[in-house]
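Single-structure report; data block below.
The values are calculated or read from the model by the stated rules, or taken from the named source; none is laboratory data. All figures in this text were calculated on a predicted structure; none of them were measured in a lab. Here the Cβ positions follow ideal geometry from the backbone for every residue, glycine too, while neighbour counts run over all protein chains shown. What goes into the accessible areas is simple: the full protein's heavy atoms, side chains included, and nothing from ligands, DNA or RNA. Shrake-Rupley method; radii C 1.70, N 1.55, O 1.52, S 1.80 Å.
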Amino acid sequence: MSVVFMNVSDDEAEIRLDRWFRRHFPHLTQGALQKLCRTGQVRVDGKRAETAARLLPGQLVRVPPIPNASRPAPIIVAVNETDRRELEGMVVYRDEQVIVLNKPAGLPVQGGPGITRHVDGMLDALRGDLEHRPRLVHRIDRDTSGLLLLARTPGVAAKLAASFRTREVRKIYWAVVVGRPTPAQGVIDLPLARLGIGAGSLTIAADRDEEDAANARTEYVVRDAAARKLSWLELSPLTGRMHQLRVHCEALGTPILGDPKYGGPAAHLDGFPDRLHLHARLLDLPHPAGGRLSVAAGLPAHIAETFKALGFEAGALPAARRS
């Protein structure tokens, strides 16, 4: 390979130089790239650049000879027709840059020990004629239903990931909990720590001075209640810890109905579906092309059944809106 010059595409705005190289030349190690930058062999618009430099659309990157640097052909994973139809049925919003799914409860987002069927393994069904398969931008628990955001290109994924990091994404969850919190609205400010790894790991409440404690905050408000037996909560996580909402609700003394991991016996009531009653209801986020996107997801059957039994009125489902 001889020296080549490559333009930064619109889709690659604000991507780091090292990530840009990793995308186009995945076999190139970080150490080798750092050496190429340090010796001035990699340049952006004719100037030396560090690996952490952010790129802008239209910039010209000088790429020196890189052994075995041919780009591999895209890998397309076969998806059976059943999975394809199911995934298409989950789509609640789609444009040229993002896809939003309404994931059913019980379907894992990603693989792991003993997990062979999951959303990430089915995403080639939504690829269309694009070079890149859609990418997960965030995750929700296996037992949680609701909204899951996908980026249609790596550049869009980087922009959306930055929006999550800077807390520009507003997330609203609905939960049915056992009991009624006092006061009826507030902020749960309780650090969390993770015990173990993998599928058997747990999240627990922690003291602030514990070494592994991570800040965790959740806004909540009681939307409705059936006497003091069950309540409908609207939850807005201000941080993104694993199982944060489930642990915070348990810490309030109001475990989420049907929670198999954190609720204990109090979370399982006769006469109600014995499944986790936690639903990712709404996402409001900066759209990568400008403005904001707001999308809501309808309730799954088991939560809708409980709402009906308790007289909770979810109201009409808001239409997806981009402003």
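What the table below lists for this structure:
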{"quantity": "Single residue of the stretch 241-264 satisfying the filter (in a loop (DSSP other than H, G, I, E, B), touching a strand residue (DSSP E or B) at 6+ places or on another chain (Cβ under 7 Å) and within 16 Å of residue 140 (Cα to Cα)) that is most open to solvent (accessible area, probe 1.4 Å)", "calculated": "241"}
{"quantity": "Condition met for residue 170 (more than 14 Å from the chain's Cα centre (by Cα) and more than 22 Å from residue 260 (Cβ to Cβ))", "calculated": "no"}
{"quantity": "Exclusive hit being among the basic types (Lys, Arg), within 15 Å of the chain's Cα centre (by Cα) and under 24 Å from residue 81 (Cα atoms), set 135, 127", "calculated": "135"}
{"quantity": "Which listed residue is within 23 Å of residue 90 (Cβ to Cβ), surrounded by 15 or more Cβ atoms within 10 Å (Cβ to Cβ) and touching a Leu at 6+ places or on another chain (Cβ under 7 Å), from 280, 267", "calculated": "280"}
{"quantity": "Tally, over the stretch 80-121, of residues that are modelled with pLDDT of 95 or more and loosely packed, with under 12 Cβ neighbours inside 10 Å", "calculated": "1"}
{"quantity": "Entirely in the stretch 168-222, the strands (runs of 3 or more DSSP E) that have 2 or more residues that are of a type in the set (A, V, I, L, M, F, W, C) and more than 19 Å from residue 139 (Cα to Cα)", "calculated": "170-178, 185-189, 202-205"}
{"quantity": "Matching residues in the stretch 283-318 - criterion: being among the small types (Gly, Ala, Ser), open to solvent by 70 Å² or more (accessible area, probe 1.4 Å) and without any contact (Cβ under 8 Å) to a residue 12 or more places away in the chain", "calculated": "301, 316"}
{"quantity": "Number of the condition not met by residue 124 [criteria: (1) of a type in the set (Asp, Glu); (2) assigned to a loop (DSSP other than H, G, I, E, B); (3) open to solvent by less than 20 Å² (accessible area, probe 1.4 Å)]", "calculated": "(2)"}
{"quantity": "Of all residues in the stretch 140-151 being closer than 19 Å to residue 275 by Cα and within 13 Å of the chain's Cα centre (by Cα), the one that is most open to solvent (accessible area, probe 1.4 Å)", "calculated": "142"}
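Yes or no, residue by residue, for (1) touching a helix residue (DSSP H, G or I) at 6+ places or on another chain (Cβ under 7 Å); (2) outside any loop (DSSP other than H, G, I, E, B); (3) within 24 Å of residue 287 (Cβ to Cβ):
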position: 79; (1), (2), (3): yes, no, no
position: 87; (1), (2), (3): yes, yes, yes
position: 96; (1), (2), (3): no, no, yes
position: 138; (1), (2), (3): yes, no, yes
